[in-house]
Amino acid sequence: MKITLKVWRQKNAQDKGGFKTYQLDDVSPDMSFLEMFDVLNEQILKKGEDPVHFDHDCREGICGTCSMYINGKPHGPKQTTTCQLHMRSFSDGDTIVVEPWRAQAFPVVKDLVVNRSSFDRVIQAGGYVSVNTGGVPDANEIPIPKKIADEAFDSATCIGCGACVAACKNASAMLFVSAKVSQLAMLPQGQVERKTRVEKMVAQMDEEGFGACSNTGACSAECPKEISLENIARLNREYLKAKSSSDNV
Amino acid sequence: MKLDSKIPEGPIAEKWSKHKFNVKLVNPANKRKYDIIVVGTGLAGASAAASFGELGYNVKAFCFQDSPRRAHSIAAQGGINAAKNYQNDGDSIFRLFYDTVKGGDYRSREGNVYRLAEVSVDIIDQCVAQGVPFAREYGGLLANRSFGGAQVSRTFYARGQTGQQLLLGAYSALSRQVSNGKVKMYTRSEMLDLVMVDGKARGIVTRNLITGEIESHSAHAVVLATGGYGNVFYLSTNAMGSNATAAWRAHKKGALFANPCYTQIHPTCIPVSGDHQSKLTLMSESLRNDGRVWVPKDKADSEKIRKGQLKPTDLPEDKRDYYLERRYPSFGNLVPRDVASRNAKYVCDEGRGVSTTGLAVYLDFADAIKRDGRAAIEGKYGNLFDMYQQITGDNPYETPMKIYPAVHYTMGGLWVDYNLMTNVDGLYAIGEANFSDHGANRLGASALMQGLADGYFVIPYTIGDYLAKMPYDKVSTDHEAFKEAESRVKEINDKLLRIKGNRTVDEFHKALGHIMWEYCGMSRNEEGLKKAKTEIQKLRKEFWEDVNVLGTNEELNQSLEKANRVADFLELGELMVEDALNRSESCGGHFREESQTEEGEAKRKDDEFSYVAAWEYKGPEAPEELHKEDLVFENVKLTQRSYK
């Protein structure tokens, strides 16, 4: 396959950046999208130019590191991570436009690499159950109905890639935050801190500069792990409940 | 050098309790006076850093990823073992211990392994308390499955994403300590040297991967939780960034490297599709519970399949060779990983492999679908089948999967004693980075167990014993030892940037991987290993003359990151070969063709090789010195493995 790439190049956070066009003549349909970028970078290196920097690690669709905005969609045309996107999803002669995630809370570091540490800070604000190592009850002393465990699991599968933010016209992080809030709100282990957790995480999300949610659902439609919009509804309920009742009830 | 494993005296079931009582404790008010560095934030590193923070120590944690949640533990699929015996099927701590020693082909330490089995039960409790959503039965209790041929169901799992859920649990505990101010997190930071002061590990030098700044960090102890070195092979199931640099540079500062030749090759991975291949994807071993492995009986049929003239589904039963079921009637498709991998290699070497490369065998679910129905198979393996289809474009419900072995895990690593301390005072290694618990072969679902055992339940006790005997005084990063290490790191970076040769880092990495896979992979022999040694030496020389690393140090420079890692792989690869040469027996994942039974199975030589091979670095281009730690078995009787 012959592919034309228009890739966002930006030397560093201060640089203005812009698109650069590259030609690839020998792309195999079996390559993953990132392997196609490996080939591109080898070609660029041979010319003595700086390769395109992009984030990637496990290449199995689970670590959430890869983050390209491909033809106007986070992770490209399929509902999967960029590393699991293969060139057979494109046609010979295609032109593909590749940009970094665009969001105020995800500043560009270089080329296609962005800084997503805002997600870590949201989790640090309360995305946990406050138990220390040791001194916990036997695992089977907390029976959990299978249906609830499965639902909590569905929320817990979020990989923190940030596609939801990139897909959203407001760059809202509601899907990401709601997935973690939901997981712990559904499980008995999360009950003790249920109210404070949602309040703190939402406050941190706002402080990081993520936009508001207007329920268009692009986040869930683009989420490679198919995190459901129900999580956002649950987050809204949890937040309202927390705000409208006292912790001393 | 005398290697002292410091295994406590007494009956095996009492060693750990006694040891916990005997170790010195640090007074709660004094813990804040001690600083601990943890490098790596996978299961072992994140759980250790969080637990240290909870105890009151000051922790600095480092990872090269952009977030601690992305460490490669996240990719583990199958599950985590624990001797809970929730299924009432005869499991016990002793049985898990016994299975692990046997599975490791009697090349691990009894004391360490028993402790691992003992604390395994606490891990599950801990993870559930954190909100890890393990699979459950309708009654609300935890579900288990049998894994990797174990005779009991002791594996806890969270669909095919157990590693992810456990890591997110440890990451949440770590995040809590970050917000409490007890852990300072350094992301996108790579450790490039260990700093020793008065013979003790007192800090590290890192490179900030965004700015290129070379930074010094001082502490009272350094814990390496930096994972394994499978990426020496270039193609492996490891993440692209997984590397051995931290461990290797510690090795060059005096830490012994143990059993480097013990690598695990996983039998069920998606085969290589072409030269562009950057990594291999594992398909969970649980697939072998229902899938049947076969190749055509006749070479001619394989050839037709490779050329696309024949579909596997059209090949009649009597022309198929279910070779695992044929050779191992009692274990069948569930033989251990090394046996399954080696047999796949043999049938492909005979020319009976399938797929265009000829390097693949079938894993067929047709019978299972016929027996249990498509819905049942979908329920068990749906996400794996989807993943397979996404990568290969084939539908495994309709045509058999193609699989081939790939490098997956490294049992070798830094030598540690019972306290998980290396031979360097104050330097610890935990998780896959150490060598201690899996012997020559790791059982399925035991990697997650070891990472969390070390991090949550072992090192929080043993590190106190060391710190309690240490003065509170901090070493300033202005100390000449830090300055020396910084300048050495800068010197290496400058050198790499100055060469401006003709070949990219990846080209060297691929070449090294090819040598390792060819001569130090599933099957090894003296002649091949000697050849590999010469070729690696030659390649390393070429690397330092002809590698091309562009850009500068003072920016995000992924070529420079890779160049440092590959430079270290080029040295570690040679040590792996050296160790494989020295160990002229077959054991576990290490198969020496010279040492096999009449039936072609691995044959140990217990009289000669019942020891841990720990290697000491002796300077650039000098041969490493071998130290032996004899293995003593008091509770498990050594037998030759047989899966017939």
- Item | 222 nm mean residue ellipticity, helices alone, for chain B (DSSP H n ≥ 4; -39,500 (n - 2.57); rounded to 500) | -11500 deg cm²/dmol
- Query: Which whole number gives the average count of other chain Cβ atoms within 10 Å of the Cβ atoms across peptide B:170-179?
  - Reply: 6
- Surrounding charge for A:V129, neighbours by C-beta under 12 angstrom, Lys/Arg +1, Asp/Glu -1, total +3
- Give me the distance in nm between label points sitting 7 Å out from Cα along the Cα-to-Cβ direction at B:S487 and A:Q43, one decimal. 4.5 nm
- Item | Net length gained if the chain between A:K6 and A:I148 were fully extended (0.36 nm per residue, minus Cα distance) | 46.6 nm
- Scan around B:L414 for amide H atoms under 5 Å from its own, H built in the peptide plane at 1.01 Å from N, and keep only partners 5 or more places away or cross-chain. B:A258, B:N434, B:F435
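Within 10 Å of each Cβ in peptide A:113-123, how many partner chain Cβ atoms are there on average? Round it to a whole number, please.
So the per-residue partner count for this stretch is 4.
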- Message: Ratio of alpha-carbon Rg to the 2.2 N^0.38 Å globular estimate for chain B, to two decimals, please.
- Response: 0.93
- Note on the structure: Plugging the Cβ-Cβ distance of A:R237 and B:D546 into 1/(1 + (r/R0)^6) at R0 = 56 Å yields, to the nearest 0.05, a FRET efficiency of 0.35
- Simple label model, 7 Å out from Cα along Cβ direction - A:D25 to A:D206, nm: 5.8 nm
- Message: Beyond 15 Å, how much of the Cα-Cα pair distribution for the stretch A:3-103 remains, as a whole percent?
- Response: 62 percent
- Nearest 10 degrees, 0 to 90: helix B:162-179 Cα axis against chain B principal axis: 20 degrees
- Say R0 is 22 Å: what FRET efficiency, to the nearest 0.05, do B:D386 and A:S89 get from their beta-carbon distance? 0.90
- Which residues' amide hydrogens lie under 5 Å from the amide hydrogen of B:K297, considering only partners 5 or more residues apart or on another chain, with H built in the peptide plane? B:R320, B:D321
- Between the residues A:Y239, B:V489, B:S242, the Cα farthest towards the positive end of the dipole of the protein assembly as shown, that dipole coming from +1 and -1 charges on the beta-carbon of Lys, Arg, Asp and Glu, is from A:Y239
- Message: Angle check, please: helix B:93-103 long axis (alpha carbons) against the longest principal axis of chain B (alpha carbons), in degrees 0 to 90, nearest 10.
- Response: 70 degrees
- Stretch gain in nm, segment B:D349-B:Q640, where the contour uses 0.36 nm per residue and the Cα spacing is subtracted: 102.1 nm
- Label-point separation in nm, B:E625 to B:E518, each point 7 Å along Cα→Cβ: 3.4 nm
- Listed highest first by mean packing, meaning other Cβ atoms within 10 Å per residue, what order do A:109-120, B:425-436 come in? B:425-436, A:109-120
- When ranked by the protection proxy of mean other Cβ atoms within 10 Å per residue, highest first, what sequence do the peptides B:467-476, B:267-276, B:214-223 form? B:214-223, B:267-276, B:467-476
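With +1 on the Cβ of every Lys and Arg and -1 on the Cβ of every Asp and Glu, and nothing else charged, how large is the dipole of chain A about its Cα centre, in debye rounded to the nearest 20?
In total the dipole reaches around 680 debye.
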- Message: Counting other beta carbons within 10 Å of each residue's own, what order do B:H408, B:H438 fall into, fewest first?
- Response: B:H408, B:H438
- Note on the structure: Residue span B:R326 to B:D494: 0.36 nm per residue of separation minus Cα-Cα distance leaves a gain in nm of 54.7 nm
- Item | Within the stretch B:321-348, backbone nitrogen closer than 11 Å to the virtual label 7 Å beyond the Cα of B:E598 toward Cβ | none
- Task: Take every residue in peptide B:270-277, count the Cβ atoms of other chains within 10 Å of its Cβ, and give the average of those counts.
- Result: 4
- Message: So the label point goes 7 Å from the Cα of B:K18 along Cα→C-beta, right? Which residues of the stretch B:614-640 then have their backbone N under 18 Å from it?
- Response: B:632-636
- Along the stretch B:314-329, Karplus-curve 3J(HN,Hα) (6.51, -1.76, 1.60; θ = phi - 60°) to the nearest Hz, with x for Gly and Pro, reads 8, 7, x, 3, 6, 9, 9, 10, 7, 5, 6, 5, 5, 7, 10, x
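Rule-based calculations on the coordinates, nothing more; no lab input. As the structure is a computational prediction, the values presented were derived from the model and not from experiment. Every residue, glycine as well, gets a Cβ built from its backbone with ideal geometry; the counts of neighbours run over all protein chains shown.
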